[in-house]
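Q: Before I ask anything, here is the structure I am working with.
The values are calculated or read from the model by the stated rules, or taken from the named source; none is laboratory data. No experiment lies behind these values; they were computed from the predicted model shown. Don't worry about glycine lacking a Cβ; one is built from the backbone with ideal geometry, like all the others, and counts go over all protein chains shown. Heavy atoms of the whole protein, side chains included, go into the accessibility calculation; ligands, DNA and RNA do not. Shrake-Rupley method; radii C 1.70, N 1.55, O 1.52, S 1.80 Å.
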Amino acid sequence: MGTTSTTSTTSTTSTTSTTSTTSTTSIDAPLTIAGTSLGSRLVLGTGGAASLLALEDALVASGTELTTVAMRRVARPTPGAAGPAATGDTSIWGLLERLGIRPLPNTAGCFTVREAVLTAQLAREACGTDWIKLEVVADDVTLLPDPAGTVEAARILVDDGFTVLPYTNDDPVTARHLADAGCAAVMPLGSPIGSGLGIANPRNIEAIAAASPVPVILDAGIGTASDAALAMELGCDGVLLATAVTRAADPVRMARAMRLAVEAGHDAAHAGRMPRRERALASSPADGRVAVGGATGPDARDNLDLAL
Amino acid sequence: MTTSPDTPAGPARPAALVNGEPYPLDGPVPVTDLVARLVPEVVVDGVPRGVAVAVDDAVVPRGAWDRTEIRPGMRVEVVTAVQGG
């Protein structure tokens, strides 16, 4: 019994050390999209921030190196009111430059392939990047991705030289089509945009991450830090979120929480978690327990014995 | 493509449709000048930053702004990056 136990402990130890050697490599490898390495696996959206100042603090606290921006019509100058709201909005551009954060323009608000393609082309011209977060949304109530339109637009944009990061639903087959179309990453939703409901279908997210030849970034639905950690534990390569930070009561604190959650989830995903058991398993040695009144208590049972 | 934007009531004045609203034109205007008039704050040292222009659903590359003229009846989109996503 004692010999068997020692042997199994030894073999377990050697397995564990092999696993941790392998995972050290993947922890050190940064998130790389289309050949560009990013220092953070957290992509922060900028929508919903109360002010640029609050946004700046949250961006810094999040540690993000990639941040989404939307493309919108410039405000027409109104007589008498110098510097309309557009002045404040356009300075998001200066803010990202100052912080050294790469912009990821999106096609938010596009319902058709044509709208999305033109918006992407405008974004490339305005932002000086061929990276685009592709969104072709089915309707303005659910805000769910239109799979057919997204795949069609992705093909057009890839052919046009874009680095395409498509927002998609949590369907593994659509994700495969997008990767086949040449997308640089796929970004499945956890739950609907702005809902904060977390990851509604973790098995699908896990399946997408397991099969994808390109990085998988969970996009939309994150409400709190545990959602972000779960996304990483399911095998995602990164997390994109906005509202969870910008609409938190304390956005800076939540941004920091998200940074730590993404790091923790990534480490956990590659640390080789322990197997789940149906029954308890003591972690303290069974031998050498104190005796009270001359008895050593009940005989050690299987669960205590196994603890060695 | 061939339809002109709705002209407001009153004496008809030639106009392009800029960001969805009629923009009166007395003559052709290069894209460069239109941008400078619309958003002077984005022009730094004579170079507009963070802005893109499409005319009749086609992007006009910045290098072609000087020689591309906006004429009445054209549909123009002038966009920039804002918070979002």
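Q: Mind listing whichever residues of segment A:184-202 are free of Cβ contacts under 8 Å to residues at least 40 places away in the same chain and open to solvent by less than 10 Å² (accessible area, probe 1.4 Å)?
A: A:VAL186, A:PRO188, A:SER191, A:GLY198 - these are the residues of segment A:184-202 that are free of Cβ contacts under 8 Å to residues at least 40 places away in the same chain and open to solvent by less than 10 Å² (accessible area, probe 1.4 Å).
Q: Is it true that A:ALA268 is crowded, with 23+ Cβ neighbours inside 10 Å and either among the polar types (S, T, N, Q) or in a helix (DSSP H, G or I) (or both)?
A: So A:ALA268 fails the test.
Q: Report, by residue number, each residue of segment A:210-235 that is buried (at least 23 other Cβ atoms within 10 Å of the Cβ) and closer than 14 Å to A:VAL186 by Cβ.
A: A:VAL216, A:ILE217, A:LEU218, A:ASP219, A:ALA220, A:ALA231
Q: Now a separate question. Of A:ASP140, A:ASP171, which residue is modelled with pLDDT under 95 and either surrounded by fewer than 18 Cβ atoms within 10 Å (Cβ to Cβ) or more than 20 Å from the chain's Cα centre (by Cα) (or both)?
A: That would be A:ASP140, the only listed residue that is modelled with pLDDT under 95 and either surrounded by fewer than 18 Cβ atoms within 10 Å (Cβ to Cβ) or more than 20 Å from the chain's Cα centre (by Cα) (or both).
Q: Where the second residue is surrounded by fewer than 15 Cβ atoms within 10 Å (Cβ to Cβ) and in a strand (DSSP E or B) and the first is within 14 Å of chain A (Cβ to nearest Cβ) and lies in segment B:22-45, which pairs have Cβ atoms under 9 Å and are six or more apart or on separate chains?
A: Cβ pairs passing all conditions: B:VAL35/B:VAL43; B:ALA36/B:VAL43.
Q: Can you pull out the residues in segment B:72-85 that are outside any loop (DSSP other than H, G, I, E, B) and open to solvent by 40 Å² or more (accessible area, probe 1.4 Å)?
A: Passing the criteria: B:ARG75, B:GLU77, B:GLN83.
Q: Any idea which of A:ALA209, A:ALA229, A:ALA255, A:ALA244 is touching a Cys at 6+ places or on another chain (Cβ under 7 Å) and part of a helix (DSSP H, G or I)?
A: A:ALA209
Q: Hey, does segment A:118-127 have a residue that's more than 12 Å from chain B (Cβ to nearest Cβ) and either touching a residue at least 24 places away in the same chain (Cβ under 8 Å) or open to solvent by less than 10 Å² (accessible area, probe 1.4 Å) (or both)?
A: No.
Q: Can you list the strands (runs of 3 or more DSSP E) lying wholly within segment B:12-71 that have 1 or more residues being under 22 Å from A:ILE92 (Cα atoms)?
A: Ranges flagged: B:51-55.
Q: Output yes when any residue across segment A:106-116 is open to solvent by 50 Å² or more (accessible area, probe 1.4 Å), at pLDDT 95 or above and over 30 Å from B:ARG37 (Cβ atoms), and no when none is.
A: Checked segment A:106-116: at least one residue is open to solvent by 50 Å² or more (accessible area, probe 1.4 Å), at pLDDT 95 or above and over 30 Å from B:ARG37 (Cβ atoms).
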